[in-house]
Ligand SMILES: NC(=O)c1ccc[n+]([C@@H]2O[C@H](COP(=O)([O-])OP(=O)(O)OC[C@H]3O[C@@H](n4cnc5c(N)ncnc54)[C@H](O)[C@@H]3O)[C@@H](O)[C@H]2O)c1
């Protein structure tokens, strides 16, 4: 297949690029390198440095090549930034997506894969783990935009026959995750502990998330890339882990004796989040294969080799 992968210079997208290339596909990456890195882009992929909000640039990319599949991972993905500046968030996460989808329809792209977010679209959960039928009550502009994109994809499927798979990720972690900024607690804690610094746990650290390793997320992307229709699947482990446990797991993998340090709780932070993967398991046979401890040890190994002691 000829594939356009947005956000392919980022953490998850670059691993997906590796897998598409290994599968013999042609890959063009569209990324503005705002949080991604050129060094993440694998040999064999073509990179176009452009912003998905730039209609002319996006049109030129679609004019230069006919794509069978668009895999959309580019996003403004900082939840707090979306709260601080919902207009900017929507400009990337809604209007940028529409720019791509209009080009998909215009040029006859058959299929779209979209990186959605389970944690963000469900909001505060009322059942655990959340299935795809759980009420969607996002409590951030980022979550609203992810859900809105899913709904646009349903519309494009119903009206234009564009096939679409929305993957609602849990908290993805692994090598190449960006340890800058606020998101990605595993990368942030790993970097700090390797540098001999003390990571700060927000509040009591009992807030839970579902941590899924990046290679499992990539496998889900490969499975849905061949499908037709419109689907929404959770991609998680069904296992709830709190931040204190994450801290201790990384501390053990690093071999550090750093004490647990707690700071103020972050206002509005979700308390619990965990996703059921029963639907994609039943439909496509996907299940997580890399357990948390193994994933943490692979992540620590990556950061140790890539960025020893970097600030
Ligand atoms: N990491 C997670 O736990 C997680 C969970 C749920 C959903 N997601 C989604 O998965 C996708 C990838 O996330 P990630 O963790 O790899 O983050 P990332 O920041 O590493 O990747 C995002 C990529 O998009 C690019 N980008 C951002 N804005 C752009 C724009 N306007 N135009 C072109 N490129 C742009 C960035 O440069 C970066 O390479 C995002 O859509 C994110 O919302 C991630």
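FYI, it's all coordinate maths here, none of it is from the lab. Only a predicted model underlies this, so the values are computations on that prediction, with no experimental measurement involved. Using ideal geometry, Cβ is built from the backbone for each residue, glycine included, and neighbour counts are taken over all protein chains shown.
Data for the structure
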read-out: Chain lengthening between residue 304 and residue 128 when straightened (0.36 nm per residue, less Cα-Cα); value: 59.9 nm
read-out: Shape of the stretch 18-79, Cα gyration tensor, a/c cut at 1.5; value: oblate
read-out: DSSP bridge orientation in the chain - percent antiparallel, rounded to nearest 5; value: 5 percent
read-out: Near-label residues of the stretch 6-47 by backbone N, under 19 Å of a point 7 Å along Cα→Cβ of residue 226; value: 16-27
read-out: Per-selection Kirkwood Rh - the stretch 214-298 (Cα, Å, 1 d.p.); value: 15.4 Å
read-out: Ellipticity estimate at 222 nm from DSSP helix runs (n ≥ 4, -39,500 (n - 2.57)) divided over the chain, nearest 500; value: -12000 deg cm²/dmol
read-out: Span from the the stretch 257-297 Cα centroid across to the the stretch 104-176 one, whole angstrom; value: 18 Å
read-out: Label-zone membership for the stretch 196-210, site residue 248, 7 angstrom Cα→C-beta point, backbone N under 20 Å; value: 198-210
read-out: Over the stretch 57-167, relative contact order from alpha-carbon pairs under 8 Å, at least 6 apart, %; value: 33 percent
read-out: Inter-probe distance in nm under a simple model that places probes 7 Å from Cα toward Cβ, at residue 267 and residue 54; value: 3.7 nm
read-out: Inter-probe distance in nm under a simple model that places probes 7 Å from Cα toward Cβ, at residue 88 and residue 1; value: 3.3 nm
